[in-house]
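The values are calculated or read from the model by the stated rules, or taken from the named source; none is laboratory data. From a predicted model like this one, the values you see are computed outputs, not experimental measurements. A quick note on method: Cβ atoms are made from the backbone with ideal geometry, for glycine too, and the neighbour counts reach across all protein chains shown. Only protein heavy atoms, including side chains, enter the accessible area calculation; ligands, DNA and RNA are left aside. Shrake-Rupley method; radii C 1.70, N 1.55, O 1.52, S 1.80 Å.
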Amino acid sequence: MSTSATKANLSLSERMADPKWWRQAAVYQIYPRSFYDENGDGLGDLKGITAKVPYLKELGVDAVWLSPFYPSALADGGYDVDDYRDVDPKLGTLADFDEMAAALHEAGIKIVVDIVPNHSSDRHEWFKEALASPKGSAARDRYIFRDGKGENGELPPSDWDSVFGGPIWERITEPDGTPGQWYMHIFAKEQPDFNWENPEIREDFLKTLRFWSDRGVDGFRIDVAHGMAKDLSEPMPMKDDLLARAHGTDGFIDGSHPFWDRDEVHEVYAEWRKLFNEYNPPRTAVAEAWVHESRRARYASPEGLGQAFNFDLLQSDFDAESFKQIITDNLVHAKESGASSTWVFSNHDVVRHATRYGLPKGGSVAQGTNAAQDVTGSKPKGQDGKGWLLAGAPQEELDVELGLRRARAASLLLLALPGSAYLYQGEELGLREVTEIPDSERQDPSFFRNKGVEIGRDGCRVPLPWTPEGPSFGFGAGKAHLPQPEWFKDYAVSIQEGVEGSTLELYRKALGLRRQLQTDEELEWVETGNPEVLHFSRPGGWETVTNFGTEAFELPAGTVVVSSGPLEDGKLPADTTAWVVRDA
Ligand code: BGC
């Protein structure tokens, strides 16, 4: 086995200084409010992350990505930011951030933070100023205000829907108490959209990116990277017209949508790239852009953000043909863009993959952002009958054991792919979606704005179980901010640690091997003669085989270094992945 290009050969300082560190990084997403609660107030915090650095180190991840930890009223789980250059006092202080960053870096773990540029919160000082200022003022021009239609401006400027449901426009009361203008919010009404044509907005985000880069942040995850640029010239198209012009649910492929994926947004990223490249190593960025695959490369180009999420696997059933096609296509797209590919099954916006794969095929599509990011800007994808699956599907259809087995097989396959692996907290424990949250305890705006038709994203954001006992299964000394189900105790970190075959040990082993085995970014498909079995090899003799079928499959010759489940008489059983290193 060739080890010449593996990360295991680099010293920690070489690894940290490597400008290409991100290309094949395993990045672990932390949803800070639900990771670990150090002060016992029921909410995870930055000190909690610092306390768990040894856990992250042992897990073997190269980087963490932190969902927003900025001051926020949590109208959208922190994606409603009051102040981009501070820490939410409920989560800590800037000093806590520095301490956390130092601890992570010392452990050889890079830090990626979330930047939310499409909108601020309605508590941002600029939005408050806009409300208090007259129509046409410079303060209003930082956001998107328009007069309403109708005789007295009582109708919204267009008939578009927001992604969380309800109109995209909200009417304000003018400072003199009269009903006034309307402002645009693609998401919740507490998330007013910035006007990116205003140079002050551009300047301010450069300042924010510099602020965190100077504090040692290594990279950025750009929220709704395909938003920001807008063409609201009159007449604004009707939502049915937009729907008719969209390519299914994949959006527009010509950049002509009034607020999604417009070409002008790349001017902003070109400017950001210059800033990123002033640092050594250059700061990285990954775009969250739910765009047609033909348009992804622009976000991922070296002159732009440098990398973009592909959510194709996340939206696929557990299916050999579909996985193979997606992997093949995305490796081509990544090469074209100059980036490495990204792979992801779960995040804070979608139903966890251990649940998706335990549901009948065809319905196991993710909801959450998938629904929320409806690219047509007209109706949530969920209304097509897929996204709201968890609300509609009888839970007895969920096969918990099958879901976990497939999730483990899929994750082991993902960790073998060339490119960056984005993992979401709790998947390494085999957690599935929590569906039993009472309506009264739900927090997600998509639940409220859709009047409960979509149950929203709280089920993947429930605080982690660290121990099988305690008021919140070791999450903290208090009651967790979202209720944890009783079955969480069986998935606690402490009961999986050191237990061979546990999901945690599977991830640890795979991540460790990934570092040793990883060579270059090539992948070669090996013909298996069975359409239900995928086999690919990475240079250096590392083979990955996944059995999506029902019959056990003969593995290639070599040593099985890890498998997602026990082998059956040396064969690879259904819903299982194995990594095989060919004997020298
Ligand atoms: C984030 C979501 C958030 C939305 C609005 C997304 O894509 O991942 O959690 O609700 O952006 O900021």
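Relative to the Cα centre, the charge distribution of region 104-178, modelled as +1 at Lys and Arg Cβ and -1 at Asp and Glu Cβ, gives a dipole magnitude of about 200 debye. What does the net charge come to around residue 115 if you take all other residues with beta carbon closer than 9 Å to its beta carbon, with K and R at +1 and D and E at -1? Surrounding charge for residue 115 is -1. Placing pseudo-labels 7 Å out from each Cα toward the beta carbon at residue 241 and residue 215 gives an inter-label distance of 4.4 nm. Separation of region 89-105 and region 5-33, taken as the distance between their Cα centroids, equals 20 angstrom.
For region 1-60, the Stokes-Einstein estimate of translational diffusion at 37 °C and a viscosity of 0.692 mPa s comes to 238 µm²/s, using the Kirkwood hydrodynamic radius over alpha-carbon pairs. Could you work out what % of the accessible surface of region 215-369 is carbon and sulfur, using a 1.4 angstrom probe and leaving DNA, RNA and ligands out of the count? Ligands and nucleic acids excluded, carbon and sulfur give 51 percent.
Amide hydrogen proximity for residue 307: with H placed 1.01 Å from N in the peptide plane, the residues at 5 or more positions away or on another chain lying under 5 Å are 285, 287.
Carbon and sulfur: what percent of region 125-184's accessible surface (1.4 Å probe)? Taking all protein chains in place, region 125-184 shows 52 percent carbon and sulfur surface. Rolling a 1.4 Å probe across the protein heavy atoms gives region 182-339 an accessible surface of 37 Å² per residue.
Computed about its Cα centre, the charge dipole of the chain is approximately 740 debye, with only Lys, Arg, Asp and Glu carrying charge at their Cβ.
Relative to the longest principal axis of the Cα atoms of the chain, helix 320-337 runs at roughly 60 degrees.
Spread over its residues, the convex hull of the C-alpha atoms of region 36-75 is 84 Å³ per residue. Each Cα pair under 8 Å and six or more residues apart adds its separation to the average, and for region 522-581 the resulting relative contact order is 32 percent. Dividing the alpha-carbon radius of gyration of the chain by the rule-of-thumb value 2.2 N^0.38 Å gives 0.95.
Over 20 Å, how big is the tail of the calculated P(r) for region 419-483, in percent of all Cα pairs? Within region 419-483, distances greater than 20 Å cover 37 percent of Cα pairs. Stretching residue 102 away from residue 525 to a fully extended chain increases their span by 148.2 nm, per 0.36 nm per residue minus the current alpha-carbon distance.
With coordinates expressed along the principal axes, the C-alpha atoms belonging to region 125-184 extend over 27, 26, 16 Å, beginning with the largest.
For region 158-248, the orientation-averaged shadow of the C-alpha convex hull comes to 8.7 nm² (one quarter of the hull surface). Volume per residue of the convex hull around the Cα atoms, evaluated for region 448-514, comes out as 127 Å³. For the pair region 410-430 / region 473-508, the C-alpha centres are spaced 18 Å from each other. Here region 522-581 is assigned +1 on the Cβ of each Lys and Arg and -1 on the Cβ of each Asp and Glu. Its dipole about the Cα centre then comes out at about 180 debye. Once the C-beta distance of residue 39 and residue 435 is scaled by a Förster radius of 30 Å, the resulting FRET efficiency is 0.55 to the nearest 0.05.
Between 573, 558, 535, the Cα set farthest toward the positive side of the dipole of region 522-581 (charges on each charged residue's Cβ, about the Cα centre) is that of 558. Looking at the P(r) of region 522-581, how many percent of alpha-carbon pairs lie beyond 20 Å? Distances greater than 20 Å cover 14 percent of the Cα pairs.
Straight-line reach from residue 149: taking Cα to Cα under 22 Å and skipping same-chain neighbours fewer than 8 places apart, the lysines in range are 135, 189, 230, 239, 379. Helical runs assigned H by DSSP (4 residues or longer) give the chain a calculated mean residue ellipticity at 222 nm of -7500 deg cm²/dmol, each run adding -39500 (n - 2.57) before division by the residue total. Relative to the longest principal axis of the Cα atoms of the chain, the long axis of helix 199-214 lies at roughly 30 degrees. Report note on the peptides 134-144, 503-513, 24-34, 172-182: ranked by the mean count of other C-beta atoms within 10 Å, highest first, their order is 24-34, 503-513, 134-144, 172-182.
Expressed as a whole percent, the proportion of Cα-Cα pairs in region 451-584 lying more than 20 Å apart is 60%. If you wrap the Cα atoms of region 267-351 in a convex hull and average its projected area over all directions, you get 6.1 nm². Comparing 63, 440, 304 along the charge dipole axis of the chain, the residue lying farthest to the positive side is 63, per the Cβ-charge model.
Annotation: amide H of residue 30 within the under-5 Å range of 65, 66, 67, sequence separation 5 or more or interchain, hydrogens built in the peptide plane. Rounding to the nearest 10 and keeping the result within 0 to 90°, find how far the Cα-based axis of helix 503-517 lies from the longest principal axis of the chain. Result, in degrees: 80. Building the convex hull from the alpha-carbon atoms of region 221-311 and averaging its projection over directions returns 6.0 nm². Just the number, please: Stokes-Einstein D of region 63-203 in µm²/s, Kirkwood Rh from C-alpha pairs, 20 °C, 1.002 mPa s. In µm²/s, the coefficient is 129.
Max-minus-min Cα coordinates of region 1-151 on each principal axis give 75, 38, 25 Å, with the largest extent listed first.
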